[in-house]
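The structure under discussion appears below in the form of structure tokens.
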Amino acid sequence: MADVTRDTLVSTLEEIALLLELKGENPFKTRAYRKGAEIVQNFDGDIVARAAEDDLKGIKGIGDALQQKLHELASSGRLEYYENLRAEFPPTLFELFELQGLGPKKIKALYDKLEVSSVAELKEACQGEEMTKLAGFGKKTVDKILTAIANREKFADRFRLGDVAPLAETLLARLRDHPKVSRSAIAGSYRRSKETLHDLDFLVATTDGAELTAFFTTFPEVHEVIVQGETKASIRLENGLQCDLRAVSNAHFPFALQYFTGSKEHNVELRSLALKKGLSLNEYDFTGEGDLPEIHEEEEIYHALGLDWITPELRENRGEIEAAREGKLPKLVELAQLKGTFHNHTTASDGQNTLEEMAEAAREHGLQYLGIADHSKSSFQANGLDEKRLHEQVETIRKLNESFDGFTLLAGSEVDILKDGSLDFENAVLSQLDYCVASVHNVFNLPEKEMTARLIRAMENEHVTMLGHLTGRLLLRRDPYALNMEKIIDCAAETRTVIELNCNPWRLDMDWRWWQRARDKGVLTSINPDAHATEQLQFLAYGARLAKKGWLRQADVINCLPLAEMQKWLALPKAKR
Ligand code: DGT
Ligand code: CA
Ligand code: CA
Ligand code: ZN
């Protein structure tokens, strides 16, 4: 069954409303769906579970017809009414729904007045004259649409690490379990934990390449076989992701693993280093005059070149080879070293699980503490808490803590950074909390100077423990807002403000390329899942991978501190941290 979340319910109802509107249905009907979407979005409780159990009676604004549809969707993962409705429109119309900044009203105007029903048609319309004749489509709007289309093209054929990882591991396990496979791996950008990937590079050691490529091309997820040979196959999956398989002998496996892990830039450096030692390195072997090193494992290739083994995450030719030669590679942080996390949501704002459920899940994860940082009042779209509700939540947390043994909830807030850099709560309110995450959730389009000043002002507040999702980027969807990163990092170092490493696969923000610099200036990080549901605590694994990619060590990550030390650290004034 498809994974139904609150978002699924909300976006399905909203889409139904829009499709009914496009059909010219009675406005009362469309309004009922739109209102329903809003109620589901803001419902205080596990609306998905209640819908699945057909327990929606008495929720104001959700009538019988909507109840029945929400139940069907939540319990089966499908909604026949919605599927039939969609089938009445050209499938390309739904591309428009994915475009950043194109709301229902505009889609309706484009569809009704200009008969635009695909991104290609929209682009054409933007480049012509007709668009400017439409009300609400001034030059600014048209430019925005063109940017969104350009982004869509730029991001085509790429996938977010977290979106493909579960499937990648499933496919790998299938290869690993094949009786004729002795070793297997996913190399390429996946092994290097890049935040987005073009394709997956599977590798197997086997005596029967042809059998393995045949096996691979008959996986049920295959949409299209691109090539299939004796040692190599490429497939495209139903979700559009390309997967390559290379079958090699057990003796060649370490070389192939090294080569196909990349990066290309890292490999170029490595090969030139090998040449200086009279060795030629390729994807199969070392070749050269005289005695050749005997290689069974990938790490022995590095050792043969006088290097320490380099974690795949670091293989980007950003100083790792030199560090490996000098024995100066950092001991990188590991997932298992995380003792707690700070940025998590509950049903009090836009999360899907209650405080108790989140606490239980964190304990099951083996965490000693879980920080609750629900949204603040200005994030009304996320049902942000006002001072009164925040105060009640803090009281509830303190009470719950009395019932726990060996586990603690921390009371925080993800407080909005307002346009001028002031915060959504007064200091008197913030000082009641254990910590505070400060984030930008609106007015993303400030010029660089103003946006930088806005964040600096927030960091200068004594109560701001850390900045949340620093640049606001949504991978493959929305670019970061304009920031002077050097200044931000300097200010974080001076004010002792932590910069979060947000592990949501859509964010992975701050970008890994900046961490080395931040770390060298003494900036600390907190690896935070920004969990809006219990299962999203799993995002910590992506955070750990990206932290490695940023050269971070255990000491750079505050949530590696055990609870008691963490509390001592939080009790210090910022300047002493
Ligand atoms: P992407 O774009 O996310 O798939 O990134 P990669 O790094 O996985 O790139 P991919 O799949 O084209 O190739 C996998 C690895 O194979 C790459 O990281 C390094 C190696 N490789 C591929 N082509 C070349 C090449 O022309 N020269 C060198 N030195 N290495 C290559
Ligand atoms: Ca690749
Ligand atoms: Ca590839
Ligand atoms: Zn946020």
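Structure notes:
- Which numbered condition Thr196 misses (of (1) within 16 Å of ligand 1 (Cβ to nearest atom); (2) out of contact with any Lys or Arg (no Cβ under 6 Å at 6 or more places or on another chain)): (2)
- So Asp291, is it modelled with pLDDT under 95, more than 30 Å from Gly412 (Cβ to Cβ) and not in a helix (DSSP H, G or I): yes
- For Asp285, the test of being open to solvent by less than 80 Å² (accessible area, probe 1.4 Å), charged (D, E, K, R) and out of contact with any Lys or Arg (no Cβ under 9 Å at 6 or more places or on another chain) is passed.
- Candidates His365, His391, filtered to the one that is of a type outside the set (Val, Ile, Thr), closer than 26 Å to Ala541 by Cβ and more than 16 Å from ligand 3 (Cβ to nearest atom): His365
- Residues of segment 245-275 classified as assigned to a loop (DSSP other than H, G, I, E, B) and touching a residue at least 60 places away in the same chain (Cβ under 8 Å), total: 3
- Failed condition for Leu245, given (1) away from ligand 1 (no atom under 13 Å from the Cβ); (2) crowded, with 20+ Cβ neighbours inside 10 Å: (1)
- Test result for Arg389, among the charged types (D, E, K, R), in contact (Cβ under 8 Å) with a residue 12 or more places away in the chain and under 22 Å from Leu561 (Cα atoms): no
- Helices (runs of 4 or more DSSP H) contained entirely in segment 484-577, each with at least 1 residues that are more than 17 Å from Leu314 (Cβ to Cβ): 485-495, 540-549, 563-571
- Considering each residue of segment 109-126 in turn, at least one proves to be under 20 Å from Leu93 (Cβ atoms) and aromatic (Phe, Trp, Tyr).
- Taking the numbered list (1) under 21 Å from Thr341 (Cβ atoms); (2) in contact with a Phe, Trp or Tyr (Cβ under 8 Å, 6 or more places away or on another chain); (3) open to solvent by 10 Å² or more (accessible area, probe 1.4 Å) in turn, His375 passes all entries but (2).
- Residue match in segment 187-202 (condition: more than 16 Å from ligand 2 (Cβ to nearest atom) and either open to solvent by less than 10 Å² (accessible area, probe 1.4 Å) or modelled with pLDDT of 95 or more (or both)): no
- Residue in segment 474-486 that is modelled with pLDDT of 95 or more, open to solvent by less than 20 Å² (accessible area, probe 1.4 Å), among the acidic types (Asp, Glu) and out of contact with any helix residue (DSSP H, G or I) (no Cβ under 6 Å at 6 or more places or on another chain) present: no
- Qualifying residue in segment 457-479 (condition: without any contact (Cβ under 8 Å) to a residue 40 or more places away in the chain, assigned by TED's automatic domain parsing to the domain that holds Glu364 and among the hydroxyl-bearing types (Ser, Thr, Tyr)): no
- Check on Val164, touching a residue at least 12 places away in the same chain (Cβ under 8 Å) and either in the same structural domain as Leu546 (by TED's automatic domain parsing) or within 16 Å of ligand 2 (Cβ to nearest atom) (or both): yes
- Scanning segment 253-271 for residues that are away from ligand 2 (no atom under 16 Å from the Cβ) and surrounded by fewer than 19 Cβ atoms within 10 Å (Cβ to Cβ) gives Val268, Glu269, Arg271.
- Residue in segment 308-320 that is open to solvent by 60 Å² or more (accessible area, probe 1.4 Å), without any contact (Cβ under 8 Å) to a residue 40 or more places away in the chain and under 30 Å from Ser184 (Cβ atoms) present: yes
- Checked against (1) touching a strand residue (DSSP E or B) at 6+ places or on another chain (Cβ under 6 Å); (2) in a loop (DSSP other than H, G, I, E, B); (3) within 26 Å of Leu332 (Cβ to Cβ); (4) not hydroxyl-bearing (Ser, Thr, Tyr), Val464 passes all but a single condition, namely (3).
- Considered as a group, the residues in segment 273-310 that are within 36 Å of the chain's Cα centre (by Cα) and of a type in the set (Ser, Thr, Tyr) include one that is farthest from Leu332 (Cα to Cα), and that residue is Tyr284.
- As a summary of the residue check, Ile226 satisfies the conditions (1) away from ligand 3 (no atom under 14 Å from the Cβ); (2) surrounded by fewer than 19 Cβ atoms within 10 Å (Cβ to Cβ); (3) more than 30 Å from Asp479 (Cβ to Cβ); (4) of a type in the set (A, V, I, L, M) except for the one numbered (1).
The values are calculated or read from the model by the stated rules, or taken from the named source; none is laboratory data. It should be emphasised that the depicted structure is a prediction, and the values quoted were computed from it without experimental measurement. Note that we place each Cβ from the backbone using ideal geometry, even for glycine, and neighbour counts take in every protein chain shown. Side chains included, ligands, DNA and RNA excluded: accessible areas come from the protein's heavy atoms. Shrake-Rupley method; radii C 1.70, N 1.55, O 1.52, S 1.80 Å.
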